[in-house]
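Asker: Structure incoming, see below.
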Amino acid sequence: MACFSGTLVEGKSKLRYELQAKEVMMLTRPVEPIPLEPATSTEAQLNVRLDYRWLDVRNPKVSAVFQFESWLAQKFREYFRMNGFVEIFTPKIVAAGTEGGAEVFPVIYFGREAYLAQSPQFYKQMAVIAGLERVFEIGPVFRAEAHHTVKHLTEFHGLDIEMGFIEGPEDVMDILERFFRYLSKEAEGDESLKVVRQYYDLSLRVPDRVPRITIREAYEVLKERYNKELPYMEDLDPQAEKYLGDYALKEYDSDFIFVTEYPWKVRPFYTMRKEGEPEWTYGFDLLFRGLEIATGSQREHRYERLLINLRDKGMKPDRFQFYLNFFRHGAPPHGGAGLGLERIVKQYLNLENVREARLLPRDPERLVP
RNA sequence: GCCGCGGUAGUACAGCCCGGCAUAGUAUGCGGGCCUGUCAAGCCCGUGACCCGGGUUCAAAUCCCGGCCGCGGCGCCA
């Protein structure tokens, strides 16, 4: 690595300029030839690039991803603070997983069993109940699922929001929708994104009204337009998500679509069930170009109902007593959502793999560098 | 976790199906040279590899088994 100083003059080279060096300072001398050429690093396979990430990211096209990610996180913070949300910082070492399932990483905490937080879910709700009213957090989340896909990481960054005194899940969707509209507008003119724009198309289709369809409507659309039949009351599969992304684009000129009123059986116990139709919920997903980037819902804020929900899920209330306690002294109607930072970046920049949107990705096999 | 495909120089590929006909090929990189205001390009020379462990066979990069790793899909999910 070296530092050159001199005069930049016009030259005959491809770049049209050349530096007439007056001084060359050798900063450090490599101990071996470079294994990955920064200028062409993206021609190598992703796993090789990740092995030599410090070289790969010297490629301006790669570094642009992280400049954009930094910008995006900043805009998230900016937008929600602007709207009265308070940034919170919740523990990542926790006593229980959100659903109490096996998808958490166990850690030994002074001889006791603890886990790496798979979401700030419980604590952001607590913060709302505590009177912070509207909160958000940007923080790491951990998932111990052995996924081998282009959209899963075992460690990623969650963009979480939670808001109190809502009228319904629409309030949460409204603000998410507005956030992406804001993002799109900001991305258009931002000078700091100049380099990023050289490599990536930053235009976003966010119509005045982002489509919202119930999952029951989605079943119909899938069946009629795409000849894709999903079992009733089941979750969308990846192909279905892609179809719905296509549907949103063609029918609404939108990169986004909300799918609402998910079945109770595929949603966590803290989700509020639909009034009069307890088999359905006020839970929704947000699809961005056919990929789930956010999950949200109105939460159940009534203590007795939470107990019923837990029982219906076959879960032991005592394991979640610390969480249930939050609701013992009154809780406002509230709701929120969790978004995946890397997934948003992946979809926004049309990257092929979420790993590209993470400086040092962790997956079931990769632990270094 | 399950299924499919794969693992050959620093990198990207070919060869493997039909085992010996290979001193394992090509491109690029790297080292040197020629050429040339410089760089790049072009040309020449050189450098450097069969994932690991078993098995089959006279003979394995090539066939079989196991492991590890990689890619993708699924389940699941942000």
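Asker: Rounded to the nearest percent, how much of the accessible area of the stretch A:32-357 (1.4 Å probe, protein heavy atoms only) is carbon and sulfur?
Answerer: 49 percent
Asker: Amide H to amide H under 5 Å from A:Gly139: which residues, 5+ apart in sequence or cross-chain, H placed 1.01 Å off N in plane?
Answerer: Under 5 Å from the amide H of A:Gly139 lie the amide H atoms of A:Gly158, A:Asp160, each far enough along the sequence or on another chain.
Asker: In the stretch A:1-155, if the dipole is taken from +1 on Lys/Arg beta carbons and -1 on Asp/Glu beta carbons about the Cα centre, which of A:Leu153, A:Ser119, A:Gln67 is farthest to the positive end?
Answerer: About the Cα centre, the residue reaching furthest to the positive side is A:Gln67.
Asker: What is the magnitude of the charge dipole of the stretch A:32-357 about its Cα centre, with +1 placed on the Cβ of each Lys and Arg, -1 on the Cβ of each Asp and Glu, and no other charges, expressed in debye to the nearest 20?
Answerer: Once rounded to the nearest 20, the dipole reads 580 debye.
Asker: Moving on. What spacing in nm lies between the two simple spin-label points modelled at A:Glu23 and A:His148, each 7 Å away from Cα in the Cβ direction?
Answerer: Going by the 7 Å Cα→Cβ label model, 5.5 nm.
Asker: Shifting gears a bit: Starting from the amide H of A:Trp280, placed 1.01 Å from N in the peptide plane, find each other amide H under 5 Å away whose residue is 5 or more places distant or on another chain.
Answerer: Distant-sequence amide H within range of A:Trp280: A:Trp264, A:Lys274.
Asker: Could you do me a favour and compute the accessible area per residue for chain A, 1.4 Å probe, result in Å²?
Answerer: Averaged over the residues of chain A, the accessible area is 51 Å².
Asker: What residues have an amide H closer than 5 Å to that of A:Arg58, excluding those fewer than 5 places away on the same chain, when H is modeled at 1.01 Å from N in the peptide plane?
Answerer: Residues meeting the amide H criterion: none.
Asker: Another question, if that's okay. Mind ranking A:Leu183, A:Leu360 by accessible surface for me, highest first, 1.4 Å probe?
Answerer: Result, largest first: A:Leu360, A:Leu183.
Asker: Each residue of the stretch A:351-360 in order: what ³J(HN,Hα) in whole Hz does its phi give by Karplus 6.51 cos²θ - 1.76 cosθ + 1.60, θ = phi - 60°, with x for Gly and Pro?
Answerer: Karplus-based 3J(HN,Hα) across the stretch A:351-360 equals 6, 7, 9, 4, 4, 5, 8, 10, 4, 10 Hz.
Asker: For the stretch A:32-357, what is the Kirkwood hydrodynamic radius in Å, using each pair of distinct C-alpha atoms?
Answerer: Hydrodynamic radius (Kirkwood, Cα pairs) of the stretch A:32-357 is 21.0 Å.
Asker: Oh, and also: Which percentage, to the nearest 5, of the DSSP beta bridges contained in the stretch A:32-357 is antiparallel?
Answerer: 90 percent
Asker: I'd like the Karplus ³J(HN,Hα) series for the stretch A:80-86: coefficients 6.51, -1.76, 1.60, θ = phi - 60°, whole numbers in Hz, and an x wherever there's a Gly or Pro.
Answerer: Result, rounded to whole Hz: 6, 5, 4, 9, x, 8, 9.
Asker: Also, I was wondering about something else. Once phi is turned into ³J(HN,Hα) by the Karplus curve 6.51 cos²θ - 1.76 cosθ + 1.60 with θ = phi - 60°, what whole-Hz value does each residue of the stretch A:308-322 show in order, with x for glycine and proline?
Answerer: Whole-Hz 3J(HN,Hα) from phi for the stretch A:308-322: 4, 4, 4, 5, 4, 8, x, 9, 8, x, 5, 5, 10, 4, 4.
Asker: Take A:Tyr109 and A:Ser5, extend 7 Å from each Cα along the Cα→Cβ direction, and tell me the distance between the two endpoints in nm.
Answerer: According to this spin-label approximation, the distance is 5.4 nm.
Asker: How much length is gained on full extension from A:Leu324 to A:Leu359, taking 0.36 nm per residue of separation minus their Cα-Cα distance?
Answerer: Once the chain is fully extended between A:Leu324 and A:Leu359, it gains 8.9 nm.
Asker: Show me, bin by bin at 10 Å from 0, the whole-percent P(r) of the stretch A:108-198 based on Cα pairs.
Answerer: Using 10 Å bins, I get a P(r) of 13, 27, 34, 20, 5, 0 for the stretch A:108-198.
Asker: OK, next. Express as a percent, rounded to the nearest 5, the fraction of DSSP beta bridges in the stretch A:1-140 (both residues included) that run antiparallel.
Answerer: Percent antiparallel among DSSP bridges in the stretch A:1-140 is about 90.
The values are calculated or read from the model by the stated rules, or taken from the named source; none is laboratory data. What you see is a predicted model; the values in this text were computed from it and never measured. Here Cβ is always computed from backbone atoms with ideal geometry, including for glycine, and neighbour counts include all displayed protein chains. Note: accessible area is taken over every heavy atom of the protein model, side chains too, but ligands, DNA and RNA are not part of it. Shrake-Rupley method; radii C 1.70, N 1.55, O 1.52, S 1.80 Å.
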